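Structure first, commentary second.
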Amino acid sequence: MSYFLELVGSGLTRGSIYALIALGYTMVYGIIQLINFAHGEIYMLGAFIALIVAGALTIHGFSGWAILLLAGLVAAVYAAAYGYTLERIAYRPLRNAPRLSPLISAIGMSLFLQNYVMLAQTPDFLPFPALIPEFAFMEPVAHIIGSAEVLILATSAVLMIALTVLIKYSRIGKAMRATQQDMAMARLVGIDVDRVISFTFVVGSVLAAIGGVLVGSYLGQINFTIGFMAGIKAFTAAVLGGIGNIPGAVLGGLVLGLTEALAAGYVSSAYEDVFAFGVLVLILILRPSGLLGRAVREKV
Amino acid sequence: MTNRIKRWSSIAFAALLLPSLVLAEKPPIVIGVAGSHSGDLAPYGIPTKEAAEMLTADLNAKGGLLGRPVKLLVLDDQCKPEIAANVATAMVSQGAQAVIGHICSGATKAALGIYKEAKIIAISPSATNPALTMGGDYPNFYRTIAPDDKQGQMAAAFVTAKLAANQVAILHDKGDYGKGFADAARMALEKDGKAKVVLFDGITPGAMDYSAVIQKVRHAGADAVIYGGYHPEASKLVAQMKKKRIDIPFIGPDGLMGSGLLTIAGANAEGVYATGPMDVARYPLNQQVRAAYQKKFGREPGMFFDQGAAAWQTLVAAIQKAGGTDYAELERALKGNLVETSVGKIKFDAKGDAEGVGFAVYQVRGGKFVEVK
């Protein structure tokens with residue numbers, strides 16, 4: 001039983017990591033139906049910026065929590081700027097192009113950002129400081145789930161709720177939903193569609209950056225390639241939960257994480273990906289629009 | 001006016017003459033240097049490239065080899081088999097007469113067939129997969145480092161004899177190098193019978209989290225972990241083992257040695273064991289080459305620098321002895337001739353492995369790898 005609990009703890013940990021990154025993915029897709037393949041790279045950039053800021057703050061003698069908050073803040077601002085620029089130069093010019101064009105443009109931006117960080121920073125792995133302190137009260141269960149894991153899980157949950165509220169109840173959220181339903185119509189009723197989409201990218205990038213800081217701090221190492229794997233797994237999680245659906249991203253992440261951990265624990269960790277993608281295939285066969293996704297009829 | 005034309009034309013004439021002066025020199029001997037020079041495994045390949053470049057510049061300054069200049073053809077394979085095959089084709093088409101490389105076993109394997117077709121000898125400083133020599137498929141392959149199964153056997157013996165482990169968990173990264181090491185360790189343990197292999201499993205390199213497999217190690221009741229793979233995953237494993245409060249010895253191959261594990265895993269690396277090439281600092285040629293490097297770059301050379309230098313030294317000595325780069329002559333010189341190198345006095349056995357090189361066990365103590373006596 002305790003072995004099962006340990007595996008569940010491990011599954012929740014990695015599931016919440018996937019969920020955290022999948023949130024941004026699914027939100028951008030929900031509004032403009034674009035799979036932003038550069039999302040993983042924004043996550044990686046966020047981690048790098050946080051590392052630089054954390055290094056500088058440590059020299060100036062800030063305390064752990066202050067560093068985590070400030071580094072997260074700076075990373076979020078930077079990532080927002082990257083997300084905004086990305087949308088401006090790579091996606092906006094292709095707004096009316098066939099759907100394949102922005103997809104290819106997204107892959108191009110992903111490759112560009114990876115190589116840019118490799119050249120500007122380093123091709124090596126870098127140590128990332130453990131910014132999340134270990135709580136003393138967690139010690140009895142530390143072998144099952146640690147402090148950093150709990151923080152990541154809680155952050156995913158809070159962000160999920162905040163995003164849902166933002167989209168459901170705020171003015172800009174209403175504009176986002178209108179844009180999603182019909183871009184031309186939204187324009188006719190006076191919604192600045194370009195501004196709404198830029199905002200969507202900014203929020204998505206902030207989420208990715210927060211993920212980068214927390215996950216970097218949990219894993220203790222980063223390099224320019226981490227965005228790729230994170231992006232693939234988060235994308236899988238988003239599809240699993242129903243792409244475009246915000247609670248679905250979190251659910252999809254957790255299902256994916258638990259599947260992997262249990263498969264690794266009871267079968268073989270060499271084949272955990274086989275099980276993860278096997279579950280994806282199964283769910284897509286049984287529920288083509290994902291766990292929480294609603295079947296959408298193509299607009300004519 | 002006419003004067004100026006005359007002056008210009010004489011300059012132009014002189015400029016025309018220059019290339020013919022260069023042509024008058026003998027054609028260079030082209031030696032390929034292939035390995036990972038970029039990407040996350042670049043730290044394994046760059047030291048060999050630097051060694052070859054430094055030694056070649058020195059040799060050319062002294063008049064070259066057999067009266068001919070030596071030209072290096074440096075190509076980057078990023079340790080990826082698919083790129084390595086392209087690199088090998090480029091080596092052949094650009095006229096490399098022998099190759100130092102490749103660095104990673106998987107990439108080396110992908111390149112060797114192409115070299116074999118073209119009758120080109122390759123000497124790797126670091127590709128330690130046993131099958132590369134033992135398999136007998138690549139008679140054109142040599143290496144200045146001992147194969148993995150020696151490392152795996154050493155790790156197995158160390159775990160049972162020195163660490164007194166009875167139940168061993170073996171993990172690997174599913175790659176040629178990591179799995180080769182893990183297989184050899186498992187075979188040695190099973191043959192020896194002193195300890196049981198309670199877990200043998202692969203992990204996915206680059207995956208975000210290894211806590212599930214770590215729980216599995218605990219569940220299996222292992223009292224030591226043998227890991228076959230490279231330092232990025234090893235760093236993650238030791239850090240997450242500490243997080244999950246599992247305190248058992250961790251031993252890996254020479255892919256863990258070097259500064260990578262020390263900087264990334266930091267304090268978590270403390271106590272980690274790794275098998276690695278024997279200490280070669282006592283050889284005079286080694287000290288000499290390292291001192292030259294220190295003078296030129298102002299820092300200590302990185303991973304496989306000595307083996308890289310040795311690959312260059314054995315190759316140059318063989319070309320000297322053979323009087324050229326004829327395949328059969330080179331083969332005879334490499335196998336029959338003891339050469340003073342950065343890793344000691346070596347020659348190659350019938351399969352292409354260097355006689356006289358081997359492994360020792362190291363442990364991280366105080367942020368440094370120290371040999372365990």
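Data table
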{"read-out": "Whole-number percent relative contact order across chain B, with pairs defined as alpha carbons under 8 Å at least 6 apart", "value": "16"}
{"read-out": "GNM top mover of B:SER126, B:SER38, B:SER342 - chain B, alpha-carbon springs below 10 Å", "value": "B:SER38"}
{"read-out": "Whole-Å distance, taken between Cα centres, linking segment B:35-51 and segment A:234-271", "value": "36"}
{"read-out": "GNM flexibility winner over chain A from A:ALA249, A:ALA106, A:ALA186 (Cα, springs under 10 Å)", "value": "A:ALA186"}
{"read-out": "Residues with amide H under 5 Å from that of B:ALA360, placed H, sequence gap 5 or more", "value": "B:GLY276, B:MET278"}
{"read-out": "Highest-MSF residue in chain B out of B:GLY302, B:GLY45, B:GLY101 [GNM, Cα springs under 10 Å]", "value": "B:GLY302"}
{"read-out": "Sequence-separation-based contact order of chain A, relative, with Cα cut under 8 Å and 6+ spacing, percent", "value": "37"}
{"read-out": "Sites B:ALA360 and A:LYS174, calculated FRET efficiency, Cβ-Cβ separation with R0 60 Å, nearest 0.05", "value": "0.30"}
{"read-out": "Coil-residue trypsin sites (Lys or Arg not before Pro) of segment A:1-106, DSSP, other Cβ within 10 Å capped at 12", "value": "A:ARG99"}
{"read-out": "B:ASP279 paired with B:ALA164, simple spin-label distance in nm, labels 7 Å along Cα-to-beta-carbon", "value": "2.6"}
{"read-out": "Estimated 222 nm signal from helices in the protein assembly as shown, with DSSP H stretches of n ≥ 4 weighted -39500 (n - 2.57), rounded to 500", "value": "-19500 deg cm²/dmol"}
{"read-out": "Furthest towards positive pole of dipole, A:GLY244, A:VAL193, B:PRO69, structure part the protein assembly as shown, Cβ charges", "value": "A:VAL193"}
{"read-out": "Efficiency of FRET between B:GLU300 and A:VAL189 - r from beta-carbon atoms, R0 60 angstrom, step 0.05", "value": "0.35"}
{"read-out": "Electrostatic dipole magnitude of segment A:16-231 [Cβ: Lys, Arg +1; Asp, Glu -1; Cα centre; debye, to 20]", "value": "900"}
{"read-out": "Trypsin sites (Lys or Arg not before Pro) within segment B:229-301, DSSP loop, no more than 15 other Cβ atoms inside 10 Å", "value": "B:ARG245, B:ARG282, B:ARG299"}
{"read-out": "Taking the convex hull of Cα positions in segment B:74-209, its mean projected area over all directions (nm²)", "value": "9.3"}
{"read-out": "Protein-only accessible surface order, largest first, of B:VAL70, A:VAL77 at 1.4 Å", "value": "A:VAL77, B:VAL70"}
{"read-out": "Where Rh is the Kirkwood radius over Cα pairs, Rg/Rh for the protein assembly as shown", "value": "1.04"}
{"read-out": "Paramagnetic reach from B:ASP247 in segment B:149-165 [backbone N under 20 Å; point 7 Å along Cα→Cβ]", "value": "B:163-165"}
{"read-out": "Formal net charge of residues neighbouring B:VAL289 (Cβ-Cβ distance under 12 Å; K, R +1; D, E -1)", "value": "-1"}
{"read-out": "Alpha-carbon radius of gyration plus Dmax, which is the widest Cα pair, for chain A in Å", "value": "19.2, 61"}
{"read-out": "Total charge dipole magnitude, chain B, about the Cα centre, Cβ charges on Lys, Arg, Asp, Glu only, Debye to nearest 20", "value": "780"}
{"read-out": "Built amide H within the under 5 Å cut-off of B:GLN97, gap 5+", "value": "B:VAL30, B:ILE31, B:GLY32"}
{"read-out": "Cα centroid separation, segment B:265-331 to segment A:89-147 (Å)", "value": "37"}
{"read-out": "Cα-based helix-to-principal-axis angle, B:176-192 vs chain B, degrees rounded to 10", "value": "40"}
{"read-out": "Of A:MET138, A:ILE35, A:ILE67, farthest towards positive along the dipole that unit charges on Lys, Arg, Asp, Glu beta carbons give chain A", "value": "A:ILE35"}
{"read-out": "DSSP beta bridges in the protein assembly as shown [antiparallel fraction, %, rounded to 5]", "value": "35"}
{"read-out": "Per-pair calculated FRET efficiency, R0 = 60 Å: B:ASN337 and A:ALA120 via Cβ, rounded to 0.05", "value": "0.80"}
{"read-out": "Surface accessible to a 1.4 Å probe, A:SER170 within the full protein complex, Å²", "value": "30"}
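The values are calculated or read from the model by the stated rules, or taken from the named source; none is laboratory data. Computed from a predicted structure; not experimentally measured. Positions of Cβ are generated from backbone atoms using ideal geometry, with glycine treated the same way; all protein chains shown enter the neighbour counts. These accessible areas exclude ligands, DNA and RNA; they are computed on the full protein's heavy atoms, side chains included. Shrake-Rupley method; radii C 1.70, N 1.55, O 1.52, S 1.80 Å.
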